[in-house]
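Derivation of every value follows stated rules applied to the coordinates shown; laboratory data play no part. Not measured: the values here are computed from a predicted model. Cβ atoms come from the backbone with ideal geometry, glycine included; neighbour counts cover every protein chain shown.
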Amino acid sequence: MPDRVVVTDVQDRAALGACRSLSSAGFLVAGVASQHPAPGHWSRSCSERFSLVDPRVDPGQYVEGLESIVSRGRYEVLVPGSDTSLLAASERRASLEGHVRLGLPPDDVVRQALDKRTLLAVAAEAGLACPETVVCSNRRMAVEAARELGFPVIVKPRSTVFHDRGELVQAGSLRADDHNSLERSVRVVGRPFLVQRAEAGDQYSVGGVIAEGKLIATAASRYIRTWPVTAGRAAFSETVTPPNGLADRVEHLLRGLSWQGMFELELILRPDGMFAAIDINPRLYGSIVLADSAGAPIPAVWCDWLLGRKPAAVTARSGLRYRWEDADARHGLWQIRHGHVGRGLRVFRPRRRVVHAHARFTDPGPLLARFILLARKRLGDSERRFTRASVPAVGGSEASPPLVKDT
């Protein structure tokens with residue numbers, strides 16, 4: 001019988017990429033989602049489909065739902081697909097580990113890896129720079145930090161996911177170009193938070209798997225376009241050969257974090273040729289399908305290692321490209337609206353050797369699900385704007401059941 005793996009957050013492209021990687025490697029994949037339609041649920045790579053409450057709303061109920069799934073005894077590995085599900089599973093691991101392999105380091109290590117302040121401490125020891133950063137606890141400190149660093153600055157929560165009033169809140173990094181945007185950013189990132197100098201240079205990603213202190217899968221890529229344009233995630237990127245010594249420094253950094261498992265480290269290549277570490281994701285990441293297509297199937301390597309198969313170390317080959325379809329289209333439209341017509345039109349030019357976040361000729365469902373999800377979100381945003389402008393919001397929401405299996 002093929003080994004069975006549970007992948008969470010299959011509404012996201014990172015988890016969809018993991019489902020496809022694992023299915024191609026011969027695993028049977030059960031996908032868990034908290035938003036619908038979930039592209040992973042619409043993929044042929046998913047053999048079972050489950051719906052759970054959003055872990056940001058009720059982490060305890062979410063893990064109860066996971067326990068209900070894995071306690072059936074048919075699953076070998078659980079792969080968290082987001083920071084939120086990773087933290088929820090780590091905090092309540094005792095209810096899961098008797099049924100399925102998590103492969104997580106101790107909970108304090110997970111928390112440190114999710115804390116952006118930790119990266120500042122371990123990067124220098126690994127021979128990597130970090131952008132100049134000020135840790136702030138209020139608006140006044142943020143204004144002083146921006147004055148010292150100079151605009152633009154990047155405002156980051158202390159962790160991508162953090163507790164606030166009994167809920168898990170998820171927030172990303174925000175670019176502030178002036179005092180008004182700084183004020184808006186400070187309101188949504190929790191306390192304490194980081195204000196960081198915006199670095200100039202090309203952005204790179206190194207993803208992979210580290211086990212027993214050694215890299216057993218490595219995939220380096222360079223961002224060609226991002227969304228949002230000024231400070232965003234990879235909308236179009238290309239695998240590259242890791243520059244000399246970079247893989248060793250990344251391995252050193254991960255050992256300093258005591259991390260084991262899948263990861264992505266984001267870096268800036270400064271004009272002086274030195275790499276500066278700007279973020280670490282101790283989990284699946286958005287462009288993981290690129291690594292898989294380039295010969296480094298990160299989720300499959302990790303699951304094989306957890307199952308005792310001792311896979312040979314792999315490195316992604318260079319020259320393969322990745323496109324996040326809707327994000328890259330928005331990048332192109334942004335360029336056109338801002339007068340860069342030629343640059344914007346080049347985004348829509350067909351290219352060879354490109355893998356896509358959702359689109360796949362042999363697996364068309366996820367792209368359709370993504371379009372429906374985006375349309376519903378846009379409609380919901382429009383309705384919320386109308387409601388705020390006309391009628392005060394009242395009432396609450398009904399709690400989701402702990403477990404719903406899709407038929």
Which part of the range 15-33 falls in the paramagnetic zone of ILE372, meaning amide N under 18 Å from the point 7 Å along Cα-to-beta-carbon?
16, 31-33
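Which entries in the list LYS116/LYS214; LYS310/LYS377; LYS214/LYS377 go over 32 Å, if you measure between the two C-alpha atoms of each? Could the numbers behind the result be given before it?
On the way: LYS116/LYS214 23 Å; LYS310/LYS377 43 Å; LYS214/LYS377 41 Å.
The pairs that break the limit, which is 32 Å between Cα atoms, are LYS310/LYS377; LYS214/LYS377.
Mind putting a number on the dipole of the range 91-156 about its Cα centre? Charges go on the C-beta only, +1 for Lys and Arg and -1 for Asp and Glu, and I need it in Debye to the nearest 20.
Values: 10 positive and 9 negative charges, 54 e Å.
Roughly 260 debye for the range 91-156.
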If you build a Gaussian network model of the chain, linking Cα atoms that sit under 10 Å apart, which residue out of GLY213, GLY150, GLY127 swings the most?
GLY150
Options ALA369, THR241, GLY295, ranked by Cα towards positive dipole end of the chain, top entry (Cβ charges)
ALA369
Highest to lowest packing among 130-138, 230-238, scored as the average C-beta count within 10 Å
230-238, 130-138
Dipole check, the range 254-393, charges on Cβ (K,R +1; D,E -1), about Cα centroid: among LEU306, TRP259, ASN281 the Cα furthest to the positive pole belongs to ASN281
From phi via Karplus (6.51, -1.76, 1.60), per-residue ³J(HN,Hα) for the range 92-100 in Hz, x at Gly/Pro:
10, 5, 4, 7, 10, 5, x, 10, 8
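In debye, nearest 20, what is the charge dipole magnitude of the chain about its Cα centre with +1 on Lys and Arg Cβ and -1 on Asp and Glu Cβ, if you could check? Write out the running numbers ahead of the final one.
Details: 55 positive and 44 negative charges, 256 e Å.
My answer is approximately 1220 debye.
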Where the centroid of each part is defined by its Cα atoms, how far is the range 199-227 from the range 129-173 in Å?
23 Å
Structure-derived Cα extents along the principal axes in Å - corresponding label in (1) 60, 52, 36; (2) 61, 50, 46; (3) 59, 59, 45
(3)
Residues whose modelled amide H sits under 5 Å from the amide H of ILE278, counting only those 5 or more places away in sequence or on another chain, are GLU266, LEU267, ILE268
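Set the Förster distance to 56 Å, then compute FRET efficiency between GLU212 and VAL341 from the Cβ-Cβ distance, nearest 0.05. Please list the in-between numbers first.
On the way: r = 52 Å, r/R0 = 0.93.
For GLU212 and VAL341, the calculated efficiency is 0.60.
Grab the other residues whose beta carbon is less than 13 angstrom from that of TYR285, score K and R as +1, D and E as -1, and report the net. Intermediate values should be presented prior to the final figure.
On the way: positive: ARG13, ARG233, ARG283; negative: ASP9, ASP12, ASP83, GLU264, GLU266, ASP279, ASP292.
Surrounding charge for TYR285 is -4.
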How large is the dipole of the range 181-229 about the Cα centre if only Lys and Arg carry +1 and Asp and Glu carry -1, each at its Cβ, rounded to the nearest 20 debye?
180 debye
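Where Lys and Arg each count +1 and Asp and Glu each count -1, what net charge lies around LEU307 among other residues with Cβ under 13 Å from its Cβ? Display every interim value, and only then the final one.
Numbers: positive: ARG4, ARG101, ARG309, LYS310; negative: ASP3, GLU76, ASP304.
That sum, taken over residues with Cβ under 13 Å, equals +1.
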Between VAL229 and ALA94, take the C-beta separation as r, use R0 = 60 Å, and let me know the FRET efficiency to the nearest 0.05.
0.85
Starting from one equal scatterer on each C-alpha and no solvent at all, send me the Debye-based log10 I(q)/I(0) for the range 202-356 at q = 0.11, 0.16 Å⁻¹, two decimals.
-0.44, -0.86
